[in-house]
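Engineer: After the structure tokens below, expect a handful of questions from me.
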Amino acid sequence: MNVTQLLEARRKNWHELDEMCAKMESRRQRRRLGAKRIVQFGALYRAACADLALADAYELPPNTVHYLHQLVGRAHNQIYRSRTFRVSTWFHEAFMVLPQKLFLDRCMWLSFSIFWGTFLIAMFLSGHWASPFPDFAEALLGEGMLNQMKEMYAEPVTRSVGEGGGDGGGVAMANYVHHNAGIGLNCFAGGLLVLPGIFILAFNGTMLGAVFGYMSRQEEWDNFSRFVTAHGAFELSAVVLSGAAGLKLGFSWISTKGLSRSASLRNAGKEVVPIMCIFVVMFVAAAMIEGFLSPSAAPYWSKKMVAIGSCAVLMFYFAVLGFPKGIVVKESPLATR
Amino acid sequence: MAQSTDQLDTHIQIVTPENIAFRYQVAGPFRRLPAYAIDLALRVAFSTAVILVVVWISDYGLGDIGEAVWLLLFFLLSWFYGGVFEAMWNGQTPGKRWTRLRVLTFDGQPINASQAVLRNVLRAVDAFPALYVLGLITTAMNDRYQRLGDLVCGTMVVVEERKSLFGVTRINEPEVIRLAGYLPANYQIDRELSRALSAYVERRKTFSPGRRADVARHLSEPLRVRLSLPQGTDPDLLLCALYWRTYLAEVDPAAAPGPSSPQAPAAIPPVSMGVANDDEIRLAPPIHLRR
């Protein structure tokens, strides 16, 4: 038996494997294959693997070896497939492991301090507490934006809950999801390079603080506070969280704890995905409140209740679930291997 | 556990759980560009279609709902399009499927959902400050063309080639077969030589006759001396004849015109197959296929 005969003998199997690869690649055709054929696929794959392993001994010509390499590669990708989400592992990860990790996380505290630090300083400097810099907000935000802010809140919010009208609640909500969660994700992505992440955090903290301080001096303060109270807690915390997740990535390649930079980065990558999910959920929740409840004429106490409720949820998650209980934080079930 | 080992140009080697090493070609940024363009076009087309629907239903007083849905879809599309597709389609988006690319982990395993989502969210950094400049710099700085998102998730993009099988290249020139008859019967062709021969024969069709002689001379000159063939033997013919004897001789002995030489190819004992003799080939796992 020589190479040509061997090739002829094997050609049928290889072609069959090739065809089955094409079928496995399409979801609809894969479902129609049936157990027997799929078992056969495994057998064909192993046979092709064996042929490839023995290619050298068989003295197969190079282009046949090349063909086998890509055939085995294609089949390998059909047999070893991506794993999808599992609810139970995610529950454990989200409510038992993650809060514990976040409570002790230094990036979390850093992001928290940067955002709220700049927020409070800017608010103080532009507020009416005997500020030594009376024109701070004007210099920072510009006259145009300030006038726009005043105009926006000149009228008290009057819509009934969820009413359509000029700017429907749904549109507003979708707009807030798009805009705010976009900022959050940008802040997260920027954190990978550390400085852009810190900048976006500080920038948002300063701007928001200045707006709050400035509005507190104006007669529109009532309307303003009626608008922002309900959704503030979720939205601002989500910014902090997105910044923290980003910085975690960024610091992982700076301080590697003995790993190589890329390995350290990959480890951090596994850890930040759940945080990312949480802050996206928070942004969406904030946008729902902001779109439907905040601009409505619902009584102020109801908005306060929502604010207190959302603060309570956050406190429960981060402080109660998160308070170190000595639970051994095991290897994340989301890890790749 | 799969592990990656040495790397040859853009090919990387992967060892599967079956303990088989096979090669992948890693896709560089410009190989990935068409896939990205296709995905972008799909996203734009889909958004436009949704806008048209929104405009249409706004005549029926549903404009607000339509606009809200459109904004949400736009948000999801711009941040999670790639992630969702790569998680569901085993590392491929429509663009990647079209251009036959696939995202795999560092060591050739399939990616999981969180890797798929994360590497696509981190696109925002790679696009920084504009036109994926940072991503281009990063891909240039490592040998698997990983952008920052890939580095964080430990993923890489590979080309899934679909070559067709050509089999053994045939040679039918009568001069080759005649020359093969003059080769000493006891000359053993070792594995490395036979591999070189088939590499040469597979490519020689694309060479001009002058180039063939040029390339073949380096190998055929020492061979000619060892086989004590007369000076002036065509280098290309000699390599082809050796190839013919290694790969083709036994299959079609009838094709060989019996030259007057006593060492006719038909009389040559079965060509040595290096280590692999008949028994070993039969040892290859038998495949029992049930219909």
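What follows draws every value from the coordinates through simple rules; no lab data is involved. Please read these numbers as outputs of a predicted model, since none were measured by experiment. Glycine also receives a Cβ, built like all others from the backbone with ideal geometry; neighbour counts cover every protein chain displayed.
Engineer: May I ask for the net charge around residue A:68, where only other residues with Cβ less than 12 Å from the Cβ of residue A:68 are counted and Lys, Arg are +1 while Asp, Glu are -1? Could the numbers behind the result be given before it?
Structural biologist: Values: positive: A:10, A:11, A:74, B:23, B:163; negative: A:18, A:51, A:56, B:161.
Around residue A:68, the surrounding residues sum to +1.
Engineer: Turning to a different aspect of this structure: What does the charge add up to near residue B:232, with Lys and Arg as +1, Asp and Glu as -1, over the other residues with Cβ less than 15 Å from its Cβ?
Structural biologist: Spelling it out: positives minus negatives among the neighbours equals -2.
Engineer: So how tilted is helix A:35-53 from the main axis of chain A? Cα-based, degrees 0 to 90, rounded to 10.
Structural biologist: 70 degrees
Engineer: Still on this structure, I have one more. Within straight cross-link reach of residue A:257, meaning Cα distance under 16 Å, which aspartates and glutamates are found once same-chain residues fewer than 8 apart are removed?
Structural biologist: Within the straight-line limit of under 16 Å, residue A:257 reaches these aspartates and glutamates: A:105, A:271.
Engineer: Percent relative contact order of chain A, based on C-alpha pairs within less than 8 angstrom and at least six residues apart?
Structural biologist: Details: 378 pairs, mean separation 82.2, N = 337.
Computed value for chain A: 24 percent relative contact order.
Engineer: In what sequence do A:152, A:108, B:156 fall when counting other Cβ within 10 Å, fewest first? The partial results should precede the final answer.
Structural biologist: Working: A:152 12, A:108 22, B:156 25.
Listing A:152, A:108, B:156 from fewest to most nearby Cβ atoms yields A:152, A:108, B:156.
Engineer: Additional query: Between region B:119-190 and region A:11-62, what is the C-alpha centre distance in whole Å?
Structural biologist: 21 Å
Engineer: Now for a separate question. Cα to Cα, under 22 Å, and not fewer than 8 places away if on the same chain: which lysines meet these conditions relative to residue A:303?
Structural biologist: Once the sequence-local lysines are set aside, what remains near residue A:303 is A:150.
Engineer: Report, in listed order, any pair from A:12/A:36; A:101/A:304; A:23/B:96 with a Cα-Cα distance greater than 24 Å.
Structural biologist: Correct reply: A:101/A:304.
Engineer: Shifting gears a bit: Under 19 Å Cα-Cα from residue B:205, which lysines qualify once same-chain neighbours fewer than 8 residues away are excluded?
Structural biologist: The qualifying lysines are B:163.
Engineer: Principal axis lengths of chain A from Cα atoms, whole Å, largest first?
Structural biologist: Extents along the principal axes: 98, 50, 42 Å.
Engineer: Now for a separate question. Relative to the longest principal axis of the C-alpha atoms of chain A, give the angle of the C-alpha long axis of helix A:143-152, reported between 0 and 90° and rounded to the nearest 10°.
Structural biologist: With rounding to tens, the tilt is 90 degrees.
Engineer: Where both partners of a DSSP beta bridge lie in the protein assembly as shown, what percent of those bridges are antiparallel, to the nearest 5?
Structural biologist: Numbers: 17 of 18 bridges.
Around 95 percent antiparallel, to the nearest 5.
Engineer: Within the set of other residues whose C-beta is less than 13 Å from the C-beta of residue B:74, count the net charge using Lys and Arg as +1 and Asp and Glu as -1.
Structural biologist: 0
Engineer: How large is the direction-averaged shadow of the alpha-carbon convex hull of region A:116-156, in nm²?
Structural biologist: Average projection, Cα convex hull of region A:116-156: 3.5 nm².
Engineer: When A:115, A:251 are ordered from fewest to most other Cβ atoms inside 10 Å of their Cβ, what list results?
Structural biologist: Final ranking by Cβ density, sparse to dense: A:251, A:115.
Engineer: Helix-derived [θ] at 222 nm for the protein assembly as shown: sum -39500 (n - 2.57) over DSSP H runs of at least 4, divide by residue count, nearest 500?
Structural biologist: Calculated mean residue ellipticity at 222 nm is -19500 deg cm²/dmol.
Engineer: Tell me the angle of helix A:182-191 to the major Cα principal axis of chain A, expressed in degrees between 0 and 90 and rounded to the nearest ten.
Structural biologist: Result, in degrees: 70.
Engineer: Loop-only trypsin sites (Lys or Arg not before Pro) in region B:27-69, please: DSSP not H, G, I, E or B, and at most 15 other Cβ atoms within 10 Å.
Structural biologist: Listed in order of number, the matching sites amount to none.
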